[in-house]
Amino acid sequence: MNKVKQKDLILYSGLIILGLAAPYLFSAFKVQLTYLCVLIVLAMTWNLQGGEMGYNTFGNILFYGLGMYLTASVQVGMFFPLAEWTESGGEKTFVHTTAQYFQGIGVGLLVSAIVPAIVAGAIGYAILGLRGHYFAICTLGLGIAAGEIAGGIEIIGAGQGFTTPPFPAEIVDTEARGKFFYFLSFALLIGTFVFVKYIYGSRFRLILNAIRDNEDKAEAMGIQTMKYKIVGWMCSAFFCGLAGGIMGGLIGYIDSTDVAFDGREMGVFMVLMAILGGKGTLWGPVIGATLFHFFKEGLWTLILGWQYVALGVLIVVIVVYFPEGLMGWLREKYPERFGEVIDDKDRKAQVELK
Amino acid sequence: MDFLIFKAPMLMVQASLDGILLGILFALIAYGMALQWGVMNIINIAQGDLVILGGYIAYTMYLAGIHPAWGVIVSPIIMFFVGWALYKLVINKVVDRDLFISILATFGIAIVFQQLMNFIFGADVVVAQSEYGTTMLFDNSVTLPNSKIFSAFISVLYAVALVIYMKKSRLGRAIRATAQNARAAKILGVDTEKVYAATFGINAALCGIAGALISITLTLHPYVGLPYTVRSFMIVIVAGLGNLPAVAVSGMGLGLFEEFADYILGTEFRIGAVFLLLVLILVYRRFKLSKKREYLK
């Protein structure tokens, strides 16, 4: 046992050192690395729903977009009138000082974590009572409805979008912006990972799995399934909101349907990444997101214009042929490494059966 | 209430007529969805994109100088084979699996379709001119494009024809048998694989007809498929599977809702209202069902 822990320690400290050194090693790819961190966070939180709880949601994009709008709105609204900012070219008339910028983004991120979690809790009772595909379609509708409605609200920019506060010009270091957002997202990634890992070792995960495997039986065993479902969704919403807030600041411009409530890209990506890596595993979404990001960044430019066709084909191929994902495939191939003991006797018996 | 629509009764008539005629079209798409859902247990997210593709077939004919109304005959034929091919390529691998797999797989298909249509037909909003003129009612205060009347008429015609076909023909009987019990049908000698392919083809053909009608009554754009999917999904869950009169009624209800939402909330919230209605319907349904469960306790 001690040995395993030591191995883990080496692995984690290695990864953290790699993460901390990454912006200096690959200084040209800071934005990409930030994206990667956010994608991993989204995949891991999706996995809490889709993989562990068996509630395949398309709606986590709702919290992501909400977080994005909230962070930017708070950041602007704390110091300047929001309506004038979004009306036209507000970022030119009003300029954040350095202190204001960081204060704003700090408070904004806090709000963008808490409010989506509250929203998830509020709508959770109604939405999470749906089962299976009804839940999937309902959350799909929720995400798109949010995008369409946000696109009609004047104060957050409506159809013409919302420019988030630019990085303070007083900071001369040109690398600072990239580094700031990278470390922010990396911190979020570590936070999410620690949290999810903690859940993986807890009773909470067993309850979620029980809900996934047979909700009625779980209920019959005396588990208050609705309570746990809502709490699980709130946890996801918390991290999704934070991820959205960071992405809003990084991209610098929020559009209702193409950036914030981007069901066509982010909303699908998070599902795809989790399934690619293997849902219901701790490392699956991490690996899936990393692979997907490399694939996307490597191939997108080669097949410019055809990337969505490739994405669609990729979805079909992964879903139809590898629904268990990479981890599932590995698990089937090397069950011993996953702690599944298989008797030689059993194996022989199976061979004989065949 | 300060809404224009409540002050002018004629606008109310206008919205109602528009809504009902539009709703009949939605019901046709929903009928296809109910068919494949009932027979194959698949939710096809690409339904709306099949509709749009059917519309682009009619639009291509219009560009070639043929009257787009002929699209209601050509488009279903082409779309039938598109549906058949789609079944053979992808759908047959997800038929017996978890419903979420079919949702995701058809989501992927939808993305591919959208993008291919974007390449081929461009990202502009297009409409095929039928030049049918308009009918004026009530002292010219209500305008009704003849193309909308035409589309409602054709939808009803095709729906009735399909119902008769399903009742009388050999394939129709096989489809109904498979829907009731696929295994038993297989034992009794029905080639279920072929039935599934035909069902998906018929569904695509229905989408083709609806698309051709949409090309002359509404507008086409590569990315507006999803609202049609959601509309038909909504109609099906309200009406239930295999209940055609209910499908027609709830289709018209949805059409009415949309037209009124358009006037009251404004056009920019129209699609948002549709998706919100979906969420509300599902939530309502969930509370109704949970009440039923408590009764059983």
Q: Please state the charge dipole magnitude for the protein assembly as shown, taken about the Cα centre, from unit charges on C-beta atoms (+1 on K and R, -1 on D and E), reported in debye and rounded to the nearest 20.
A: 2540 debye
**Q.** Residue mean of other protein chain beta carbons inside 10 Å, B:222-230
**A.** 2
Q | Spin-label model distance (nm) - B:V125 vs A:A21, 7 Å beyond Cα toward Cβ | A | 5.5 nm
Q. Quick one: Karplus J couplings for the range B:154-168, per residue in order, coefficients 6.51, -1.76, 1.60, θ = phi - 60°, nearest Hz, x for Gly and Pro?
A. 5, 4, 4, 4, 5, 4, 5, 4, 5, 4, 4, 4, 5, 6, 9
(Q) Compute and list, largest first, the equivalent-ellipsoid semi-axes of the protein assembly as shown from the alpha carbon gyration tensor, each √(5λ) rounded to a whole angstrom. (A) 42, 34, 23
**Q.** C-alpha long axis of helix A:132-150 to longest principal axis of chain A, angle in °
**A.** 10 degrees
Q: Can you pull the one-decimal nm distance between simple spin-label points at A:F294 and B:R173, each 7 Å off the Cα toward Cβ?
A: 5.9 nm
Q: Report Rg (one decimal) and Dmax (nearest whole number) for the range A:41-162, counting Cα atoms only, units Å.
A: 16.6, 50
(Q) Once R0 is set to 45 Å, what does the formula 1/(1 + (r/R0)^6) return for the Cβ-Cβ distance between A:E219 and B:T135, expressed as a FRET efficiency to the nearest 0.05? (A) 0.20
Q. On the first, second and third principal axes, largest extent first, how far apart are the outermost C-alpha atoms of the range A:114-203 in Å?
A. 53, 44, 20
Q | Descending principal axes extents, the range A:90-244, alpha-carbon based, whole Å | A | 61, 37, 19
(Q) Which residue, B:I57, B:F80, B:W70, has the largest displacement toward the positive end of the dipole of the range B:1-120 when charges sit on each Cβ (Lys, Arg +1; Asp, Glu -1)? (A) B:F80
Q. Order of A:F26, A:F79 from fewest to most other C-beta atoms within 10 Å?
A. A:F26, A:F79
Q) Sorting B:L89, A:L330 on the 10 Å Cβ count, fewest up front, what's the list? A) B:L89, A:L330
Q.
Can you tell me which of B:F113, B:F138, B:F153 moves the most in a GNM of chain B? Springs connect C-alpha atoms under 10 Å apart.
A. B:F138
Q. With θ set to phi - 60° and the Karplus curve 6.51 cos²θ - 1.76 cosθ + 1.60, what are the ³J(HN,Hα) couplings of the range B:110-119 in order, to the nearest whole Hz, using x for Gly and Pro?
A. 4, 4, 4, 4, 4, 5, 5, 5, 4, 5
Q | Net charge, A:G121 excluded, C-beta distance under 13 Å - Lys, Arg +1, Asp, Glu -1 | A | +2
Q) Once Lys and Arg get +1 and Asp and Glu get -1 on their Cβ, which of A:G222, A:F239, A:I211 lies farthest toward the positive end of the dipole of the range A:2-276? A) A:G222
(Q) Using the crude model of +1 on Lys and Arg Cβ and -1 on Asp and Glu Cβ, and no other charge, please compute the dipole size for chain A relative to its Cα centre, in debye to 20. (A) 1120 debye
**Q.** Calculated over chain B: convex hull of Cα atoms, volume per residue (Å³)
**A.** 149 Å³
Q: With r as the distance between the Cβ atoms of B:W70 and A:I251 and R0 = 41 Å, compute the FRET efficiency 1/(1 + (r/R0)^6) and round to 0.05.
A: 0.30
Q | Alpha-carbon spread of the range A:275-318, three principal axes, descending order, Å | A | 34, 19, 9
**Q.** Among A:I10, A:V319, A:A113 the positive-end extreme of the charge dipole of chain A (Cβ point charges)
**A.** A:I10
Q: Would you pull out the residues with amide H under 5 Å of A:G280's amide H, same chain only if 5 or more places away, H placed 1.01 Å from N?
A: A:G51, A:E52
Q: Taking amide H positions as placed in the peptide plane 1.01 Å from N, state which residues far from A:Y253 in sequence (5 or more) or on other chains have amide H under 5 Å from it.
A: A:T164
(Q) Roughly how far apart, in whole Å, are the Cα centres of the range A:1-70 and the range B:49-115? (A) 37 Å
Q) Full extension from A:K197 to A:I118: what is 0.36 nm times the residue separation minus their Cα-Cα distance, to one decimal in nm? A) 26.1 nm
Q. Using 0.36 nm per residue, how much length does the chain from A:I171 to A:I153 gain when fully extended, once their Cα-Cα distance is taken away?
A. 3.1 nm
Q.
If R₀ is 22 angstrom, what is the calculated FRET efficiency for the pair B:F81 and A:E265, using the beta carbon separation as r and rounding to 0.05?
A. 0.10
**Q.** Top of A:F167, A:F238, A:F295 by mean-square fluctuation, Gaussian network on chain A, Cα under 10 Å
**A.** A:F295
Q: Calculate, in nm to one decimal, what A:Y321 and A:T93 gain on full extension: separation in residues at 0.36 nm each, minus their alpha carbon distance.
A: 76.7 nm
Q.
5 Å is the cut-off here: which amide hydrogens, built 1.01 Å from N in the peptide plane, fall below it relative to A:I153, excluding neighbours closer than 5 in sequence?
A. A:A158
Q.
To make sure I understand, if each residue's beta carbon is the centre and we count other beta carbons within 10 Å, what order do A:I105, A:I61 fall in, fewest to most?
A. A:I105, A:I61
Q. Out of every Cα-Cα pair in the range B:122-210, what percent are more than 21 Å apart?
A. 53 percent
Q: Could you work out the per residue convex hull volume over the alpha carbons of the range A:2-276, in cubic angstrom?
A: 134 Å³
Q. Could you state the per residue volume, in Å³, of the convex hull enclosing the Cα atoms of the range B:2-84?
A. 148 Å³
Q: At 7 Å along the Cα-to-beta-carbon direction for both B:L63 and B:V249, put a label point, then send me their distance in nm to one decimal.
A: 4.3 nm
Q: Evaluate peptide B:277-285: per residue, the Cβ atoms of other protein chains within 10 Å of its Cβ; return the mean as an integer.
A: 6
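We did not get these values from a lab; they are worked out from the coordinates using the rules stated. Note that the structure is predicted; figures quoted are calculated from it, not measured. All Cβ positions, even for glycine, are placed from backbone atoms using ideal geometry, and neighbour counts span all protein chains on display.
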